[in-house]
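Encoded as C-alpha cells, the structure appears first; notes follow it.
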Amino acid sequence: MKKLSVTLFGVLVVPLLVVSCGGSGTPSAADDTPEMAAFHYREGLMDAIAWKVGQARGMAQGEIPVDEAVFAKHARDVAVLAGMIPEGFIANSAVAGSAALPEVWTNMADFKQKAMDLQNAAQALADAATQNGFEAAKGMVQAVGQSCGGCHRPYRKRQE
C-alpha cells in the first residue's frame, strides 16, 4: 500500500508542481509579483468567460445541442465572473504578455462600468432563460457578446 501511495504521489503531485512552477522546479522571481498574479488571474477569468459565452452562443446558433439548464448556468456564471473582472486590473499590472491597454487604468470608472454592463447582460440572459426558457432567451446572447466587445475595443490590444 505504501508503494501505491508513493507512486500516486509521483504521478499526480509532481507534474502539478512542475507545471505550477513553470517547469523548472522553481518559480521565476519576475513571475512572483502581485502584478503578474493579477495578470494570470484575469487571463484565466477571461478564458472562463470566453468559454461560457462561446458555449451559450453555440447553443443559440444551433452548433451545440441545447441543454436549457446548462445554457442558463453559463449565463449565470458569466454574470458572476464579470463582476470579478476589475479585481484583476491592479495598478501596474500591464505586464509582458498582457493585452490590456493603458486606458484601463486611466479610465477605470468606465472600465468598471463596462464590466458591469457585461454582468447585467449576462444576468438578463440567465433570468430570461430561467423564467421563459431557451427559445425566449437565445436572442439575448448577442447582447452579451456585444458587451464583451464594448470593453475589448477601447481597452484591449488588437489580436493579430
Of the residues 32, 47, which is under 19 Å from residue 114 (Cβ atoms) and either open to solvent by 80 Å² or more (accessible area, probe 1.4 Å) or modelled with pLDDT under 95 (or both)? 47
Condition (residue is over 19 Å from residue 38 (Cβ atoms), crowded, with 20+ Cβ neighbours inside 10 Å and of a type in the set (A, V, I, L, M)) applied to region 89-105: is it met by at least one residue? no
Do you know which residues across region 106-160 are crowded, with 16+ Cβ neighbours inside 10 Å and in contact with a strand residue (DSSP E or B) (Cβ under 8 Å, 6 or more places away or on another chain)? 155, 156
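If you take just the helices (runs of 4 or more DSSP H) that sit entirely in region 71-160, which of them hold at least 1 residues that are closer than 21 Å to residue 40 by Cα and among the aliphatic types (A, V, I, L, M)? Talk me through it step by step, then tell me what you get.
On the way: elements: 103-106, 108-132, 134-137, 141-155.
By residue number, 103-106, 108-132.
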Taking residue 97 as meeting all but one of (1) closer than 26 Å to residue 159 by Cα; (2) at pLDDT 95 or above; (3) of a type in the set (Gly, Ala, Ser), write down the number of the exception. (2)
Which pairs have Cβ atoms under 8 Å, sit 6 or more apart or on different chains, and link a residue in region 112-123 that is more than 8 Å from residue 83 (Cα to Cα) to one that is surrounded by fewer than 18 Cβ atoms within 10 Å (Cβ to Cβ) and among the polar types (S, T, N, Q)? 121/146
Boolean, residue 113 is closer than 14 Å to residue 79 by Cα, in contact with a helix residue (DSSP H, G or I) (Cβ under 7 Å, 6 or more places away or on another chain) and not aliphatic (A, V, I, L, M): no
So the check is Cβ under 6 Å with 6+ separation or different chains; which pairs have a first residue in region 128-143 that's over 20 Å from residue 118 (Cβ atoms) and a second one that's hydrophobic (A, V, I, L, M, F, W, C) and not in a helix (DSSP H, G or I)? 134/66
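The values are calculated or read from the model by the stated rules, or taken from the named source; none is laboratory data. Please read all numbers here as calculations on a predicted model, not as lab measurements. A quick note on method: Cβ atoms are made from the backbone with ideal geometry, for glycine too, and the neighbour counts reach across all protein chains shown. We work out accessible area using only protein heavy atoms, side chains counted, and drop any ligands, DNA or RNA first. Shrake-Rupley method; radii C 1.70, N 1.55, O 1.52, S 1.80 Å.
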